[in-house]
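Report on the structure given below.
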Amino acid sequence: MFVAGAETSATVAEWAMSELIRNPKIMKKAQQEVRRVVRGKGKSRIDEEDIQEMDYMKFVIKESMRLHPPGPTLMPRESSESVSIKGYLLSPKTRVIINAWAIQRDPDIWSCPEEFIPERFMGTKFDFKGLHFEYLPFGAGRRMCPGISFGLAVVELNLANLLYWFDWQMPGGADEKGLDMTETFGILGAREFPLQLVAVPHFNQI
Ligand code: HEM
């Protein structure tokens, strides 16, 4: 419960920031949206009501989870009865691993699958809720993630605050395109090397 609840949300935020730093135009667009929503209301704190107006930031999170699902192979399943899939016969009690990572980069489903394009989610049917088997960051079916609402709220508030309060740079003026995006191998699709960025306060009052 602790691993499923804490590591996943932190991993999503870390990957989203990694993609944003590599794509400065997208970072700028997301920051402009977050700052417009919060500043326009004369508030100094971001709350869940504000998040509802941050459509573009939500696309950023969706796209980040498409390329970097924190649970790349979901939970293992077991067939309860014999079934034939595309000519392969699975006997009862066969362990099945679902490669959500590969599905979410499948060129038959996604155009330019390796590219980070949050706009692809604008006006599409794809949602997190396990109804579209092309996109499964929270899994699907009876074993799908029970923490979806909590996890999303944490990621959204976290990212909105990071984007609102700070501008972000690579350490030592390094080239953002050179950022190492290697993933760990295992049940959690985390960054192999922790992301290190320089946070520059955006507002004077910090
Ligand atoms: C953005 C954050 C999160 C992501 C991307 C995520 C993703 C996932 C995925 C992919 C699974 C496997 C689902 C499947 O096999 O169909 C899962 C299972 C699970 N998640 Fe999450 N999760 C997140 C946050 C959370 C939070 C906040 C909690 C609890 C506080 C949580 C608790 C669990 C538990 C208990 C399971 C196992 C469910 C079962 O096996 O029946 N998750 N999660």
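Quick notes
- In the range 1-24, the residues that are more than 17 Å from Glu183 (Cβ to Cβ) form no Cβ pair under 6 Å with any partner that is near the ligand (Cβ under 10 Å from one of its atoms) and among the acidic types (Asp, Glu), whether six or more places apart or across chains.
- Output for the range 168-205, where each listed residue is of a type in the set (Lys, Arg) and under 22 Å from Lys29 (Cα atoms): Lys177
- Taken together, Ile98, Ile85, Ile103 contain a single residue that is surrounded by fewer than 10 Cβ atoms within 10 Å (Cβ to Cβ) and either within 13 Å of the ligand (Cβ to nearest atom) or of a type in the set (A, V, I, L, M, F, W, C) (or both), which is Ile85.
- Scope the range 142-151; condition part of a helix (DSSP H, G or I) and either among the aromatic types (Phe, Trp, Tyr) or near the ligand (Cβ under 6 Å from one of its atoms) (or both); matching residues: Arg143, Phe150, Gly151
- Leading residue by the ranking (nearest to the ligand (Cβ to nearest atom)) among those in the range 128-141 that are among the aromatic types (Phe, Trp, Tyr) and within 14 Å of the chain's Cα centre (by Cα): Phe138
- Every pair of residues 6+ apart whose Cβ atoms lie under 6 Å, when the first sits in the range 36-51 and is over 13 Å from Leu163 (Cα atoms) while the second is not aromatic (Phe, Trp, Tyr): Asp50/Val37; Asp50/Val38
- When Lys125 is tested against (1) closer than 20 Å to Val12 by Cβ; (2) in a loop (DSSP other than H, G, I, E, B); (3) away from the ligand (no atom under 11 Å from the Cβ), only condition (1) is not met.
- Test result for Pro70, more than 9 Å from the ligand (Cβ to nearest atom), closer than 28 Å to Ile26 by Cβ and crowded, with 17+ Cβ neighbours inside 10 Å: no
- Given (1) within 16 Å of the ligand (Cβ to nearest atom); (2) modelled with pLDDT of 95 or more, number of the condition Pro92 does not satisfy: (1)
- Some residue of the range 33-52 being surrounded by 15 or more Cβ atoms within 10 Å (Cβ to Cβ), within 16 Å of the ligand (Cβ to nearest atom), within 21 Å of Glu134 (Cα to Cα) and of a type in the set (A, V, I, L, M, F, W, C): no
- Sub-8 Å Cβ pairs linking a first residue in the range 84-105 that is within 17 Å of Phe138 (Cα to Cα) to a second residue that is surrounded by 14 or more Cβ atoms within 10 Å (Cβ to Cβ) and of a type in the set (Val, Ile, Thr), at least 6 apart or interchain, are Ile97/Thr73; Ile98/Thr73; Asn99/Thr73; Ala100/Thr73; Trp101/Thr73; Ile103/Ile109, ordered by first then second residue.
- Just one of the listed residues (Phe150, Phe116) is in contact with a helix residue (DSSP H, G or I) (Cβ under 9 Å, 6 or more places away or on another chain) and surrounded by 15 or more Cβ atoms within 10 Å (Cβ to Cβ), and it is Phe116.
The values are calculated or read from the model by the stated rules, or taken from the named source; none is laboratory data. On a predicted model such as this, the values are computed, not experimentally measured, just so you know. Cβ coordinates were reconstructed from backbone atoms using ideal geometry, including for glycine residues, and neighbour counts include every protein chain displayed.
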